[in-house]
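Structure, as structure tokens:
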Amino acid sequence: MVAWATHFRKSRRVIIGVSLVSVAYFGFYRTGCVCSIGSIQNVALALADGRNYTIPLVVLLLFLLPLLFALFFGRVYCGGVCPMGALQELVNIHNFRISRAVSWALGLIPWIYLAFAILYAATRSQFIICKFDPFIGIFRLGGDIGMIVFGALLLILSVFVGRPFCRFLCPYGVLLGLMSSLAKRRVEVTSEKCINCTLCHHSCPVDAIREPTSSNDKQTEKRNLGVKRIFLYILILPLLTISGALLLQSQSERLSLAHRDVWLYEQLQSQNNVSGSFNLSPEVEAFHEMGRDPEELQTSVLSVRKSYRIWSAIAGGLIGFVLGCKLIRLSTKRTRKTYETEASSCVACGRCFNYCPQNLKKPITKDETKPL
Ligand code: SF4
Ligand code: SF4
């Protein structure tokens, strides 16, 4: 429905309708769980430990379907189907601009979050996307007080800044953005010819509308510099990937403390080293009471640490690779004759549709073409 509203009907009203239903049903009624964002972890776990974990079909579909739609129609899932995106969209009334340089830097956070979510899920440690979901407390009207406060602050921020969670935190959003940039059909402000009136430009809450490029000498010089930089970044891309992998792998032992068994093992070790200690932690007490075999725990710890070495290298490599790709992309300048949407950033909210005079199908005067 959002795909139809964004590509054919150009109707924000339909998108708002879908958003309201999504917040009410997926958000408050289904309490935001299970969702596509969290499904990343199930997929990572199924890939890492397919022999012991079978991903439920519905979770697999939740992961794949929005990506598939993004591949054909752009991020229509973000447009109104995702309750988290819809909630931020519905409360947004003003858009304070964030500079592109700051947005670029903050745009790394979702990738780092994604890398760590994969690491902790694949090693059977924690599902951090679920644990640190900022809106779940709002949808459930209760829960961890720290997360409720964080969610409330994000929501207040969403009133003044377009979709902060989607842009600077959501790990699934970056996957949708990636698919969307490969999409055959990107979301367009208008199906008619763009007349460069600039009216849509500032309407976008996520700064996804790119202005036409000029072709003067200064720009040509900049472009040439950009080409040189691209070659340099392509050369250092493997270096960044390997450095990221090695750096995170060097921390794998410390990171593995997030696994229950490793943490328990370390607790046992430290309490064994303190002779005459009678203040056993509840977990250590439970371990002794259950009569668990310390050797079995040690074997488990060795296996967990081994898998941490592998997955922390993968996660670190991913972060380094993404940083390299983002640098390359920063130096790539596309030529545009008219205003165009940036497929990976556009969340298909439909806000710009109402600003475009071409969608209203009414002739505009020359004065109306001046920026607001
Ligand atoms: S980017 Fe926003 S709308 Fe899209 S999946 Fe993430 S939270 Fe949902
Ligand atoms: S549909 Fe929304 S996110 Fe996409 S370009 Fe238009 S205003 Fe921006």
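Can you tell me which residues in the stretch 40-58 are assigned to a helix (DSSP H, G or I) and in contact (Cβ under 8 Å) with a residue 40 or more places away in the chain?
Correct list: Ile40, Gln41, Asn42, Ala44, Leu45, Leu47, Ala48.
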Seminar exercise, completed: Across (1) over 15 Å from the mean Cα position of the chain (by Cα); (2) modelled with pLDDT under 95; (3) open to solvent by less than 30 Å² (accessible area, probe 1.4 Å); (4) not acidic (Asp, Glu), Met147 clears everything bar (3)
Problem set entry | Tally, over the stretch 97-106, of residues that are assigned to a helix (DSSP H, G or I), open to solvent by 50 Å² or more (accessible area, probe 1.4 Å) and not β-branched (Val, Ile, Thr) | 5
Seminar exercise, completed: Counted residues in the stretch 3-28 being farther than 30 Å from Gly142 by Cβ, among the hydrophobic types (A, V, I, L, M, F, W, C) and within 23 Å of the chain's Cα centre (by Cα) come to 1
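Going through the stretch 194-203 one residue at a time, which ones are outside any loop (DSSP other than H, G, I, E, B) and either among the aliphatic types (A, V, I, L, M) or open to solvent by 80 Å² or more (accessible area, probe 1.4 Å) (or both)?
Filtering the stretch 194-203 down to residues outside any loop (DSSP other than H, G, I, E, B) leaves 201-203.
Once the filter is applied, which keeps residues that are outside any loop (DSSP other than H, G, I, E, B) and either among the aliphatic types (A, V, I, L, M) or open to solvent by 80 Å² or more (accessible area, probe 1.4 Å) (or both), the stretch 194-203 yields only His202.
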Exercise. Of the conditions (1) within 16 Å of ligand 1 (Cβ to nearest atom); (2) at pLDDT below 95; (3) within 15 Å of the chain's Cα centre (by Cα), Trp104 fails just one. Which one is it?
Worked result: (1)
Problem set entry | Residue selected from the stretch 21-61 under the condition more than 15 Å from ligand 1 (Cβ to nearest atom) and charged (D, E, K, R), by the criterion surrounded by the most Cβ atoms within 10 Å (Cβ to Cβ) | Asp49
Exercise. Does Ser191 satisfy the criteria of being within 16 Å of ligand 2 (Cβ to nearest atom), surrounded by 20 or more Cβ atoms within 10 Å (Cβ to Cβ) and hydroxyl-bearing (Ser, Thr, Tyr)?
Worked result: no
Exercise. If you check Leu280 against the conditions, is it at pLDDT below 90 and out of contact with any His (no Cβ under 6 Å at 6 or more places or on another chain)?
Worked result: yes
Exercise. Does Ala117 fit the bill of being of a type in the set (A, V, I, L, M, F, W, C), open to solvent by less than 20 Å² (accessible area, probe 1.4 Å) and either closer than 30 Å to Ile209 by Cβ or more than 12 Å from ligand 1 (Cβ to nearest atom) (or both)?
Worked result: yes
Problem set entry | Matching option when the condition is more than 16 Å from ligand 2 (Cβ to nearest atom), crowded, with 20+ Cβ neighbours inside 10 Å and either in contact (Cβ under 8 Å) with a residue 40 or more places away in the chain or under 26 Å from Cys35 (Cβ atoms) (or both), among Thr213, Thr241 | Thr241
For this session: Specify which of the listed residues (Phe69, Phe8) is open to solvent by 20 Å² or more (accessible area, probe 1.4 Å), in contact with a helix residue (DSSP H, G or I) (Cβ under 6 Å, 6 or more places away or on another chain) and among the aromatic types (Phe, Trp, Tyr).
Result: Phe69
Exercise. On the given criteria, is Gly85 within 16 Å of ligand 1 (Cβ to nearest atom) and under 13 Å from the mean Cα position of the chain (by Cα)?
Worked result: yes
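The values are calculated or read from the model by the stated rules, or taken from the named source; none is laboratory data. Keep in mind that this is a model prediction, so the values were computed, not measured. Using ideal geometry, Cβ is built from the backbone for each residue, glycine included, and neighbour counts are taken over all protein chains shown. Just so you know, the surface numbers come from the protein's heavy atoms only, side chains and all, with ligands and any DNA or RNA stripped out. Shrake-Rupley method; radii C 1.70, N 1.55, O 1.52, S 1.80 Å.
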